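Visitor: Shown below is the structure under consideration.
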Amino acid sequence: MTRPTTALAFALALTAAALGACSKPEPKESETQRARAVNVARVEARPISGALAASGSLIPREEAAVLPEVTGYRVARVLVDAGVWVKAGQPLAVLDGSLLAAQVEQQRAAAAQAEVQAQQAEAQAARVQGLDGQGVLSQEQLENRRFQALAARATAEAQAAALKDAETRQRKLNVTAPVSGLVLERNVRPGDLAAGGASPWFRIAEDGQIELQAEMAEDDLSRIRVGQTATVTLPSGTTVEGRVRLVSPQVDAQTKLGTVRITLPVRADVRAGGFARAVFGGASAEGLTVPETAVRYDADGASVMVVGPDNRVKSVPVQTGARGGGFVVLTKGPPAGARVVENAAAFLLDGDLVRPTDSKASAPQKAAPAPAKGAAQ
């Protein structure tokens, strides 16, 4: 071997020895060091105020449906339209009564004729009064005059009743408002025929009073009382103050929901048929609570990740109740004092090891310095 070749081999050997001395194996990271740092919150009892809310439809408190009381006549005039305020007894529509007017006159004449005939028969019966057994007229003739007088009077009364009926129907040609209020709907036009079984011609909200009929869960109804205030958000986004008028005494057997009627102020923007949401003032609940962010929802329902004494997490199913102030009541779940992961969005699986940090700490804990990697300098 020549001298240059020997020198090159010696240099390569020295380089390999130096590299071998510098490349020490890095220590493996322990499971505790790999554990994810998470904020935890305690399951604690605390009151929740203003937590009740419900939504529903705006409906009239009392609604009057107006239909004609006589049928077979055509509409001559419609006097009001939807959106108009009316008073009780005010005419809303007028039926064509030309045919009925002739019938009334005919019936009036028949009643007058029957009255005259009754008076004549009664006068004839009066002339034979006291002639019984005197032989002037037979007893049969006397009884016949008396019966004729009674029959004539009955006929006169029948004709008078028929006249009264015709006059009543004539007055009913004016379709009037049964209550004072706001006309919500008009479903009649001039020329329409008044027929039985038709839909209402007019719908009137008595006194223009509109209410919110909100649906609530069975356990929430017990926290609502008559006279309680509520802030109602209208479809336009405007809020108005309402007051609970009625709490349903029963709940639907299928849905387990009950209704609450909330009286609203009479305003132009409070319209029947709209959808609104109410938040009840003075409603409070107390129970074991966790932050709302701690509850996760999936196909199996709601759950929280509970941190055990060994700092390993476990999914526990829960049932939630009232909400407010960023907290939710757990009607079913872990006991008081249990630690739960505050952020349910954290990707954790059952059995994962975590490094919990109390979210109520006055200052966050400082992260431990990363272990120095042993490397030759």
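Every number here is computed from the coordinates shown, using simple stated rules; none is lab data. Predicted, not measured: the structure shown is a model, and the values here were computed from it. Quick reminder, even Gly has a Cβ in these numbers, built from the backbone with ideal geometry, and neighbours come from all protein chains shown.
Visitor: With the contact rule set at Cα under 8 Å and sequence spacing of 6 or more, what percent relative contact order holds for the range 98-172?
Guide: Relative contact order for the range 98-172 comes out at 51 percent.
Visitor: Using packing as a proxy for protection, rank 72-80, 302-310 so that the peptide with the highest average count of other Cβ atoms within 10 Å comes first.
Guide: So the order, starting with the most tightly packed, is 302-310, 72-80.
Visitor: Sum up the charges of everything whose Cβ sits under 11 Å from the Cβ of Ser248, counting Lys and Arg as +1 and Asp and Glu as -1, but leave Ser248 out.
Guide: Summing Lys/Arg as +1 and Asp/Glu as -1 gives -2.
Visitor: Note the full-extension length gain between Arg243 and Ser55 as 0.36 nm times their separation in residues minus their Cα-Cα distance, in nm to one decimal.
Guide: The Arg243-Ser55 span can extend by a further 66.2 nm.
Visitor: So if each residue of separation counts as 0.36 nm, and I subtract the Cα-Cα distance between Glu44 and Ala109, what length gain in nm does that give?
Guide: Roughly 14.4 nm would be gained on extension.
Visitor: Send over the per residue convex hull volume for the range 98-172, Cα only, as a whole number of Å³.
Guide: 64 Å³
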